[in-house]
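Structure first, then comments.
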Amino acid sequence: ADKGKNYPVKVSGVEIVPDPVERGVPATFKISATTDKNITEGKLVIDVKYWIFNVYSETDDICTKTQCPATSNFELSHSQTLPSITPPGSYTIQMKMLGKHDEELSCISFGFSIGFLAPVALS
């Protein structure tokens, strides 16, 4: 993600629930954004790194993550359950929004942590 680039979609906030992320529990990443474009199709490309290692990649139809057409103020939401074997520590996630012709609409990177204590299932 190019911090100096003037992307057509401006990200105004990132919310992670729960924070820190817990293994085996669904985590939701909510991205608040604004645009002056009328986004009717595209892709959301997600890459996750643990230290310097790419550990996960996913590409989704953008209209499954937000209501299309996405105009003015909108929110993208992505949920993921990390396996119980996921190592604790700090991760970096990069999310790219690509338009109809694979042009970059936005690119953000942010960190999240996975706690050292895994939840214990009650029997």
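The figures follow:
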{"item": "Sequence-distant residues sharing a close amide H with Cys107 (under 5 Å, placed H)", "result": "Met97"}
{"item": "Phi-based couplings in Hz for the stretch 29-45 (Karplus 6.51, -1.76, 1.60; Gly and Pro marked x)", "result": "10, 10, 10, 8, 8, 9, 7, 9, 8, 10, 8, 9, 6, x, 10, 10, 10"}
{"item": "Stretch gain in nm, segment Phe112-Cys68, where the contour uses 0.36 nm per residue and the Cα spacing is subtracted", "result": "13.1 nm"}
{"item": "When the convex hull of its Cα atoms is projected in every direction, mean area for the chain (nm²)", "result": "8.1"}
{"item": "Computed E for Val25/Asp47 - FRET, C-beta separation, R0 30 angstrom, nearest 0.05", "result": "0.85"}
{"item": "Exposed-loop-free span, longest in the chain, where chymotrypsin sites (Phe, Trp or Tyr not before Pro) count as exposed if DSSP calls them loop and at most 13 other C-beta atoms lie within 10 Å", "result": "52-115"}
{"item": "Potential lengthening between Val14 and Ser90 on full extension [0.36 nm per residue; Cα-Cα distance subtracted]", "result": "25.7 nm"}
{"item": "With at most 10 other Cβ atoms within 10 Å, longest stretch of the chain clear of loop trypsin sites (Lys or Arg not before Pro) (DSSP)", "result": "6-123"}
{"item": "For the chain, Cys with no neighbouring Cys Cβ under 4.7 Å", "result": "Cys107"}
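Since every read-out is calculated from the coordinates, none of them should be taken as a lab result. Treat the numbers as computed from the prediction; the structure is a model and nothing was measured. Reconstructed Cβ throughout: ideal geometry from the backbone, glycine too, with neighbour counts over all protein chains shown.
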